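Quick notes on the structure that follows.
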Amino acid sequence: MKNIISVDVEEYFHPTELEGCISAGRWTSLPSLVEPQTRQVLDLFSRHGVKATFFLLGWVAERHPKLVRDIAAAGHEIGCHSYAHRLIYTLTPAEFRDDTVRAIQAIEDACGVTPRAYRAPSYSVTAQSLWALEILVECGFTHDSSIYPISHDRYGIPEFGSRARTLWTPSGPLVEVPIATVKLSESRMAPVGGGGYLRLLPYRYTAAGIRRINRHEQPACIYFHPWELDPEQPRMARSWISRLRTYTGLTSMRSKVERLCTDFEFGPLTAVHPTPEPVDHPLTAVAAC
């Protein structure tokens, strides 16, 4: 079965864990590493014949347009990861729309591609910010991958479920593709979608989770960041929990992604889920979860 592999393209100083350490006003004063980090990912995918979805931060696209063009030229799908990596539930609808439109424009200017797939910073489409999905449809998006069906202190809609589905907003349909999870009980889902969970836990945990999902005739949606493959990046997080979440497992992450690309078949998000699921769900039903 073909699964989804996706890359959230941002700088090492963009993670939400670093918000209290580095203000957005200081971003331009810090050394940029996103280009060499992302080119390592491109080389890895090229060697394994993998095509992925790259969710690009508009801030990065403005400053590294050639990188964006090279991602598109390599046959990968271009997605949007917002402009300034701000949590959606901290924004007003007008602010979210402005951020999204600015990100789309930056990506279009960089590579001539209009993104149709979106992923929120830190999966910040929660029960309190489902209104953002209608705005995404109004901005031209057909797919979203911003809901993580787990319990977390920052994100998650545990009741959403693990399967991709079409949500009907007042402005039209949107295919929602959640990050991979495995059901442990009626009320508990285990995250197996990559990122920090891939860094922190043994490879066999993620691999077993993907295989279990595939046995149910369901593709798994996996993600990671280019900075997660760079163990030499500056350490900027301050609290112990932020350092744990951001830097633990960096030295083994590259080999884990290599193994994923060897052990499983992957493709871009909209290639794996090109059309709506046969059963459609109104946005009101998701809000009631």
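Throughout, read-outs are computed from the coordinates displayed, never taken from laboratory work. No experiment lies behind these values; they were computed from the predicted model shown. Glycine also receives a Cβ, built like all others from the backbone with ideal geometry; neighbour counts cover every protein chain displayed.
With contacts defined as alpha carbon pairs under 8 Å and 6 or more residues apart, what's the relative contact order of the chain in percent? Answer for the chain is 25 percent. Counting only residues at least eight positions apart within a chain, or on another chain, the aspartates and glutamates with an alpha carbon under 15 Å from that of K2 are E217, D263, E265. Taking a ≥ b ≥ c as the square roots of the eigenvalues of the Cα gyration tensor, the stretch 101-254 is classed as oblate, since a/c reaches at least 1.5 and a/b does not exceed b/c. Put simply, the amide H of I222, placed in the peptide plane, has neighbours under 5 Å in I4, I5, S6, leaving out anything fewer than 5 places away on its chain. Classify the stretch 110-186: rounded, prolate or oblate, from the alpha-carbon gyration tensor (a ≥ b ≥ c, eigenvalue square roots; a/c under 1.5 rounded; otherwise prolate if a/b is larger than b/c)? Prolate.
Cα gyration tensor of the stretch 62-161, axes a ≥ b ≥ c as square roots of the eigenvalues: rounded (a/c below 1.5), prolate (a/b > b/c) or oblate? Because a/c hits 1.5 or more and a/b exceeds b/c, the stretch 62-161 counts as prolate. Ignoring aspartates and glutamates fewer than eight residues from K256 along the same chain, the ones with Cα atoms less than 12 angstrom from its Cα are E228.
When Cα Rg over 2.2 N^0.38 Å is computed from the coordinates, the matching label among (i) 0.99; (ii) 0.92; (iii) 1.12 is (ii). Each DSSP beta bridge with both residues in the stretch 2-287 is either parallel or antiparallel, and the antiparallel ones are about 25%. Computed over the chain, the per-residue total of -39500 (n - 2.57) for DSSP H runs of n ≥ 4 gives a 222 nm mean residue ellipticity of -10500 deg cm²/dmol, rounded to 500.
Electrostatic tally near P226: other residues with Cβ closer than 15 Å to its Cβ, Lys and Arg +1, Asp and Glu -1, net -4. Each peptide among 92-100, 117-125 gets the average number of other Cβ atoms lying within 10 Å of its residues, and from highest to lowest they stand as 117-125, 92-100.
Per-residue Karplus couplings for the stretch 79-93, computed as 6.51 cos²θ - 1.76 cosθ + 1.60 with θ equal to phi - 60°, are listed in order as x, 10, 10, 6, 8, 10, 6, 9, 4, 4, 6, 9, 9, 7, x Hz, Gly and Pro entered as x. Here's how it looks for D144: its modeled amide H is under 5 Å from those of Y118, V175, E176, V177, which are all 5 or more places away or on a different chain. Extending 7 Å from the Cα toward the beta-carbon at both R188 and R215 defines two label points whose distance is 1.9 nm.
Under a 5 Å amide H cut-off, with hydrogens placed 1.01 Å from N, E265 pairs with N3 among residues at least 5 apart or on other chains.
What is the sum of charges, Lys and Arg at +1 and Asp and Glu at -1, for the other residues whose Cβ falls under 15 Å from the Cβ of M1?
+2
Listed peptides 237-243, 148-154 appear in the order 148-154, 237-243 once ranked by packing, highest mean of other Cβ atoms within 10 Å at the front. Counting 0.36 nm for each residue step from T262 to R26 and taking away their Cα separation leaves a gain of 81.0 nm.
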